[in-house]
Amino acid sequence: MKIKSAEFVISNSKVTHCPKDPIPEYSFIGRSNVGKSSLINMLTQRKNLAKTSGRPGKTQLINHFKINDNWFLVDLPGYGYARVSKKDKKTFQKYITDYFLERKQLVSAFVLIDIRHEPQPVDLEFMQWMGENQIPFSIIFTKADKLKPKAIERNVDLYMQQLLASIWEEAPNYFITSSTNGIGQEEVLQYIDSLNENFKKNNWADLI
Ligand code: GDP
C-alpha cells in the first residue's frame, strides 16, 4: 500500500467521541517506550505524525489519524493496570477496554512487543483479555534491528511458545519490524490493505 495521505483527526479519552466515519480502523497499543510512535511514523512515512517519547502530549488519549482517506490508524495510550476495588483487583484502564469493546469500526488491533524482552505479565494478560473478549489482534515485534537474526528467531519462538502454552491453542499472527531500518513496513501495510479489501467486498460499511 502506498501512503498518499496521513492526517491527524482528533484526540479524546472517550470511545463515544471517536469519529463516526464508517471506515475500517486499526489500532496500535503497547507499553510505553515499546516504539509505538516510531512505528506509526515509519508505517506512514511521516516524521512526526505520532509524537515520540520525550515529547509529552497525547499519550493518554485515543488519537485518530485518517490514512489515504479510507482507513483510520489509531494510536492508543500505553496500557497498564488500573486498580478498581479494595482488593486491588487488577484491570486495564476503562477507556482502553471501552474502546475495544465498543468500537465497531475496529477491524484489528496490533499489540506491540519489544523483541528484546522476555514475555511480561502485563502484555500476556492484556492479550489474554483481548482473546477472552474476541478482539482480533496481531502482534508486532519492534526494534528488530537491535538483535541478530538468530536472536530474533529465538525470542519470537520463545514468545509464541509461551503464548501457546499459557493462552491459546492457536497463536496470533505476528510481524517483525524495525522503525530504524523499515523492516516489516511492507508486510504490515499489505496486511491492512488485504483486510480493507475484504471489508470493501463485504459491504462492511453498511454494518456499522
Ligand atoms: P513509544 O513510547 O512506544 O511511542 O516509543 P517511541 O517510538 O517514542 O520509542 C521509544 C524509544 O525507542 C526511542 O528512544 C526510540 O528512538 C527507540 N526506538 C523506537 N523504535 C525503534 C527501533 O525500531 N529501533 C531502535 N533501535 N530504536 C527504536
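All of the numbers you see were taken from the coordinates with simple rules; none came from a lab. Given the structure is predicted, the values throughout are model-derived calculations rather than measurements. Cβ atoms come from the backbone with ideal geometry, glycine included; neighbour counts cover every protein chain shown.
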Pull out the extension gain between Gln120 and Glu170, defined as 0.36 nm times the separation in residues minus the alpha carbon to alpha carbon distance; nm, one decimal. 16.1 nm
Alpha-carbon centroid distance for the pair region 110-184 / region 1-16, whole angstrom: 25 Å
Loop-resident sites, region 109-208, for chymotrypsin sites (Phe, Trp or Tyr not before Pro), counting at most 14 other Cβ within 10 Å (DSSP): Trp168
Cross-link table Lys90/Lys200; Lys104/Lys146; Lys146/Lys200; Lys14/Lys51; Lys4/Lys150; Lys51/Lys148, entries beyond 30 Å C-alpha to C-alpha: Lys90/Lys200; Lys104/Lys146; Lys146/Lys200; Lys4/Lys150
How big is the dipole moment of the chain about its Cα centre under a simple scheme where the beta carbon of each Lys and Arg is +1, that of each Asp and Glu is -1, and everything else is neutral? Debye, nearest 20, please. 860 debye
Looking at the chain as a GNM with Cα springs under 10 Å, which of Glu186, Glu118, Glu169 has the largest mean-square fluctuation? Glu169
Which residue, Ala50, Val111, Tyr159, has the largest displacement toward the positive end of the dipole of region 6-207 when charges sit on each Cβ (Lys, Arg +1; Asp, Glu -1)? Ala50
Does region 6-207 come out rounded, prolate or oblate, given a ≥ b ≥ c as the square roots of the eigenvalues of its C-alpha gyration tensor, rounded meaning a/c under 1.5 and, failing that, prolate meaning a/b above b/c? rounded
Using a simple spin-label model with points 7 Å from Cα along the Cα→Cβ vector, what separation in nm is obtained for Asp193 and Ile3? 1.4 nm
Starting from the amide H of Asp114, placed 1.01 Å from N in the peptide plane, find each other amide H under 5 Å away whose residue is 5 or more places distant or on another chain. Thr142
Please give the calculated 222 nm ellipticity per residue for the chain, where each DSSP H segment of at least 4 residues contributes -39500 (n - 2.57) and the sum is spread over every residue; nearest 500 deg cm²/dmol? -10000 deg cm²/dmol
Separation in nanometres of the label points that stand 7 Å from Cα toward Cβ, at Asn12 and Glu132: 2.9 nm
